Amino acid sequence: MEPAARDVRDLCRRALAGDLLGEPDLARLLAAHGEAAEAVFAAARAARARSFGDAVFLYGFVYFSTFCRNECTFCFYRAGNGESPRYRKSLDEVVAICRDLAGSGVVLLDLTMGEDPAIHDDPEYAALLELVAAVREASGLPVMISPGVVPDDVLAGLRARGADWYALYQETHTPELYRRLRTGQPFAARAAARSAARRAGLLVEDGILTGIGDVAADRAHSIASMRAAAWEQVRVMTFVPQSGTPLADAQTSGDEAELLAIAAMRLAMPHALIPASLDVDGIRGLERRLNAGANVVTSIVPPTVGLAGVSQAELDIDEGRRTVAGVLPHLARLGLRPGTVAEYRAWLAEAHGRAQVPA
């Protein structure tokens, strides 16, 4: 065995034994390749099995408004992109989509939007609050809401109307990189919103992008930052260049950094929910992400209802591959199974109990 692989295996053994790996050690895991990378993935699968057994939770995804006031350099739906398809789904449309998703076997409904001025210009956020309440009542499922940065009282209102989760991704916890991605959006404001969500009783998801000029040390810093905050769900996605954006011609180098970040997050945060997103490589990339230690499948999108993805607006959607039925054979091939709503509710109850201490 190569010395580098031996060193990585030692780090994996330490992580599985409960050692808190520091940023330099996390960076070594994130820079692994070949035999060493396979050792990281194997350790991550072992950590997942200890915490979650063979259960993988499936999330329905409803991108209900693609209008946005922001100019993020990486996003297809940035305000100034004339190539981006724009739509707003009505409350009735969203409720009907969510009912169908609930019937298909998902355990959570992820309601996502750009920072749509039609919603954000209302200081009461009445339409957003009404939407969350209606989806929760109609579906009976837990709800995650991804509305961008909203005031603290709105976060409390979302919780009161039945939301369990607030998702707000930092993309990177390196301020210099952040400024190149989320132009005009203060770094501290997003961090403050997540802390306010925790105080409001919401569970929190944070996440990062890779392939945007980051190196292993940047990703290690993000993982350590998310671990310190004790967020309940953490994610990573590979940057996909988007037409009509400043980064449209950026060069990409595959998903190895994403896979290693999933594995390192699993070893650093063994009890967290970590998604395998269908919004990067579609269904073909699912097993690679599950084999890296993910225990959630996100971006399940029903076909023929006019919904878009985020990184991949159309990939595998209308073909019906990004559905529960499309996911199940891949779980079975890996010896995994879909977690039940009862199992997910039990996990949420424990997580809400742990989150009573303000972040």
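Taken together, the values in this text are just the output of simple stated rules run on the coordinates, not laboratory data. The structure displayed is predicted, hence computed values, not measured ones. We place every Cβ from the backbone using ideal geometry, glycine too, and count neighbours over all the protein chains shown.
Taking H placed 1.01 Å from N in the peptide plane, check which residues at least 5 places from Leu108 or on another chain put their amide H under 5 Å from its amide H.
Gly60
Run through the DSSP bridge list for the chain and note the antiparallel percent, rounded to the nearest 5.
On the way: 1 of 33 bridges.
Rounded to the nearest five, the antiparallel share is 5 percent.
Net charge around Ser222, counting only other residues with Cβ within less than 12 Å of its Cβ (Lys, Arg = +1; Asp, Glu = -1)? Intermediate values should be presented prior to the final figure.
On the way: positive: Arg219, Arg227, Arg235; negative: Glu23, Glu171, Asp206, Asp214, Asp218.
Here the charged neighbours net out to -2.
Per-residue HN-Hα couplings for segment 124-133, Karplus 6.51 cos²θ - 1.76 cosθ + 1.60 at θ = phi - 60°, whole Hz, x for Gly and Pro?
8, 6, 5, 5, 5, 5, 5, 4, 4, 4
Could you compute the FRET efficiency for Ala118 and Thr304, with r as their C-beta to C-beta distance and R0 at 30 Å, rounded to 0.05? All intermediate terms of the calculation are to be shown ahead of the outcome.
Values: r = 25 Å, r/R0 = 0.83.
Efficiency, rounded to the nearest 0.05: 0.75.
Taking Cβ-Cβ under 4.7 Å as the only way to count a partner, pick out the unpartnered cysteines of the chain.
Within the chain, the cysteines lacking a partner Cβ under 4.7 Å are Cys12, Cys68, Cys98.
Provide the gained length on full extension for the span Ala156 to Leu334, in nm with one decimal, where the gain is 0.36 nm per separating residue minus the Cα-Cα distance. Write down the numbers at each step before the final one.
Values: separation 178, 0.36 × 178 = 64.08 nm, distance 3.97 nm.
My answer for the length gained is 60.1 nm.
Nearest 10 degrees is fine. How inclined is helix 341-354 to the longest principal axis of the chain, computing both from alpha carbons?
80
Can you show me the helix-derived [θ] at 222 nm for the chain, built from DSSP H runs with n ≥ 4 at -39,500 (n - 2.57) apiece and divided by the number of residues, rounded to the nearest 500.
-13500 deg cm²/dmol
Rounded, prolate or oblate: which fits the chain when a ≥ b ≥ c are the square roots of the eigenvalues of the alpha-carbon gyration tensor, with rounded for a/c under 1.5 and prolate only if a/b beats b/c? If you can, show how the numbers build up before the last one.
On the way: a/c = 1.44, a/b = 1.33, b/c = 1.08.
Rounded, since a/c falls under 1.5.
Using R₀ = 25 Å, calculate the FRET efficiency as 1/(1 + (r/R₀)^6) where r is the Cβ-Cβ separation of Leu20 and Ala189; round to 0.05. Spell out each step's value before the answer.
On the way: r = 29 Å, r/R0 = 1.15.
It comes to 0.30.
May I ask you to compute the full-extension gain from His352 to Ala228, defined as 0.36 nm times their residue separation minus their alpha-carbon distance, rounded to one decimal in nm?
Working: separation 124, 0.36 × 124 = 44.64 nm, distance 1.73 nm.
Additional length available on full extension: 42.9 nm.
Using a cut-off of 13 Å between beta-carbons, work out the net charge of the residues near Ala200 (Lys and Arg +1, Asp and Glu -1, Ala200 not included). Provide the component values of the computation, followed by the final result.
Numbers: positive: Arg159, Arg161, Arg194, Arg198, Arg199; negative: Asp152, Asp153, Asp164.
It works out to a net charge of +2.
If contacts are Cα pairs under 8 angstrom and at least 6 residues apart, what is the relative contact order of segment 16-115 in percent?
Details: 92 pairs, mean separation 32.4, N = 100.
Dividing the mean separation by the residue count of segment 16-115 yields 32 percent.
Please report the relative contact order for the chain, taking Cα pairs under 8 Å with a sequence separation of at least 6, and give it as a percent rounded to a whole number.
On the way: 680 pairs, mean separation 79.8, N = 359.
The value is 22 percent.
Against the longest alpha carbon principal axis of the chain, how many degrees, from 0 to 90 and to the nearest 10, is the axis of helix 324-333 turned?
So the helix axis and the longest Cα principal axis differ by about 10 degrees.
Tell me, what HN-Hα J-couplings in whole Hz come from the Karplus equation 6.51 cos²θ - 1.76 cosθ + 1.60 at θ = phi - 60° for each residue of segment 197-211, using x for Gly and Pro?
4, 4, 5, 7, x, 8, 6, 10, 10, 10, x, 10, 9, 10, x
With a Förster radius of 30 Å, plug the Cβ-Cβ distance of Ala42 and Arg345 into 1/(1 + (r/R0)^6) and report the FRET value to the nearest 0.05. Provide the component values of the computation, followed by the final result.
Numbers: r = 31 Å, r/R0 = 1.02.
It comes to 0.45.
Once you put a point 7 Å from the Cα of Ser51 and another 7 Å from the Cα of Glu314, both along the Cβ direction, what distance in nm separates them?
Taking the two extended label points, one gets 3.7 nm.
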